[in-house]
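Novice: The following block contains the structure, expressed as structure tokens.
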Amino acid sequence: MTELRHRGTTDNDLQHQQSDDKGSENEGKAEKDGASDSETKPDTGLPEVPVTADDTPEVLNKALSGLSSRWKNWWVRGILTLAMIIFFFIIIYLGPMVLMMIVLCVQIKCFQEIIHIGYSVYHSYHLPWFRTLSWYFLLCVNYFFYGETVTDYFSNLVQREEPLRILSKYHRLISFTLYLTGESCLLFGWTHVTLLIVVTQSHLIIHNLFEGMIWFIVPISCVICNDIMAYMFGFFFGRTPLIKLSPKKTWEGFIGGFFSTVVFGILLSYVMSGYSFFVCPVEFNSDHNSFEVDCEPSDLFQLQDYALPAALQSLTGWPTVRLYPFQIHSIALSAFASIMGPFGGFFASGFKRAFKIKDFANTIPGHGGIMDRFDCQYLMATFVNVYIASFIRGPNPAKVIQQLLALRLDQQLHIFNSLKTHLTERGLVPDLSVSFCSCFCCHVSHGICYTEMSL
């Protein structure tokens, strides 16, 4: 009995020891697994945002069910790109007012996509009124920018209506007061950066549109062309990765998109420069209370002869070539759209990768959200606005006269005398101090003295 008890005790001890060893091994494995997980997925301190699902229409899924995922994505992107291009042409046909409304709608949707990501990431921190204050700031900033636009472009209407004149006079004070009312340090970083990226640059698109629809259509079309052609060249010929932030972008697509976009920009500019509907500035006619795009095209949109270099003359046999000056400017726009424009996409890719998402939203199947389509457009709009201000835009006589008429009478008289003196010194007009006030009888007929004023 004693031996059996002793054997039972030793057997139990062995079993406990083995179980302890297994437990320690399991704990070691768990620690190793935990270590490997922590190495492969470093803790960023931010909660993960779920990846957006593919919302490809069921009709396309059935029609393309026999294709591989690569070719299925190609066809989905191609069909929906064609649909968006057709929609773009319809908007252009409807005129500048519809274009402005579409820009505003796109701005709101892009803002909603970025704010949704911010709320998904930071809602665990229990920030109060995150979405409500974000939309409030969007309203305030739009009030400021569009108020400035109305005051600048519709000054006749503003001066004619008393309520608008008061709002225009104190517009910036009202805007700043609204901003301070909703100020929150908790939302300063996220919301203000979003407003800077989306709202400010979409306002520049509106300014470009007022310079003429061609300054709106050509840059946007160049970005679209570069996006399509870079995708096509990369899809069929891409072998060399371009940047790690966007693994699907290749050098082949980048170079092919560049040359295709430059050629496309020159051809599109040639076609559009011949129509006043596209080249005339968008102006507000206070007599008819409507927008007008009718004018005498400037020299920028008049055909001119340009001498070709000797090398091109020997190659083509043409001593000169007739071009619109705007076509030369279109080369700069196309080059920027091809070289620098994609960096807007790289910034968006880095932003999405930082928050572990594939797309900003799933609004457009195969493309992602609206912000995924307009990330390059916003950067392009900023460049076009700077380009116009630097090389194209000059003083606008109509706006100068509107500002003069808004001055007091004594200020108007002072400006008149200063302008008269300046023109007289340059010899452009006679000495008005003598001839303007001279009044004499030129001849007498039937007892009536006729007077003339010599200007």
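The values are calculated or read from the model by the stated rules, or taken from the named source; none is laboratory data. In this text the structure is predicted, and so the values were computed from the model without any measurement. Note that we place each Cβ from the backbone using ideal geometry, even for glycine, and neighbour counts take in every protein chain shown. All accessible areas refer to the heavy atoms of the entire protein, side chains included, with ligands and DNA or RNA removed. Shrake-Rupley method; radii C 1.70, N 1.55, O 1.52, S 1.80 Å.
Novice: Please arrange E211, E296 by accessible surface area, largest first, computed with a 1.4 Å probe and ligands excluded.
Specialist: Working: E211 40, E296 150 Å².
Solvent-accessible surface, decreasing: E296, E211.
Novice: Given bins 5 angstrom wide, list per bin the percent of all Cα-Cα distances in the range 253-307, short to long.
Specialist: For the range 253-307, the pair-distance distribution reads 4, 16, 17, 16, 15, 12, 9, 6, 3, 1, 0.
Novice: Further question: How much accessible area per residue does the range 302-400 have, counting only protein heavy atoms and a probe of 1.4 Å, in square angstrom? Mind dumping the intermediate values first?
Specialist: Values: 4800 Å² over 99 residues.
Here the per-residue accessible area is 48 Å².
Novice: I want to verify the translational diffusion coefficient of the range 100-241 in µm²/s; compute it with Stokes-Einstein, Rh as the Kirkwood radius over Cα pairs, at 20 °C and 1.002 mPa s. List each step's numbers first, then the result.
Specialist: Values: Rh = 17.8 Å.
Using the Kirkwood radius from Cα pairs, D works out to 120 µm²/s.
Novice: Based on the Kirkwood radius over alpha-carbon pairs, what is the Stokes-Einstein translational diffusion coefficient of the range 291-391 at 37 °C with 0.692 mPa s viscosity, in µm²/s? Intermediate results must be reported in sequence, preceding the final value.
Specialist: Working: Rh = 17.2 Å.
It diffuses with D of about 191 µm²/s by this estimate.
Novice: What is the distance in Å between the Cα centroid of the range 70-149 and that of the range 342-357?
Specialist: Cα centres, the range 70-149 to the range 342-357: 17 Å.
Novice: So what J values fall out for the range 68-74 if you push phi through Karplus, 6.51 cos²θ - 1.76 cosθ + 1.60 with θ = phi - 60°, rounded to Hz, Gly and Pro as x?
Specialist: Working through the residues one at a time gives 5, 4, 5, 6, 5, 5, 4 Hz.
Novice: Sticking with this structure for a sec: Grab the eigenvalues of the alpha-carbon gyration tensor for the range 211-291, scale each by 5, take roots, and send me the semi-axes largest first in whole angstrom.
Specialist: Details: eigenvalues 272, 36, 10 Å².
They are 37, 13, 7 Å, listed from largest to smallest.
Novice: Suppose R0 equals 35 Å; then what is the FRET efficiency for F88 and L407 from their Cβ-Cβ distance, rounded to the nearest 0.05? Before the final figure, lay out the partial values.
Specialist: Details: r = 43 Å, r/R0 = 1.23.
Using R0 = 35 Å, I get an efficiency of 0.20.
Novice: Can you list residues from other chains, or at least 5 along the same chain, whose modelled amide H is less than 5 Å from the amide H of K249?
Specialist: Under 5 Å from the amide H of K249: L242, I243.
Novice: Further, regarding this structure: Over 23 Å between Cα atoms, which of K109/K249; K248/K358; K109/K352 qualify?
Specialist: From the list (K109/K249; K248/K358; K109/K352), the Cα-Cα distance tops 23 Å for K109/K249.
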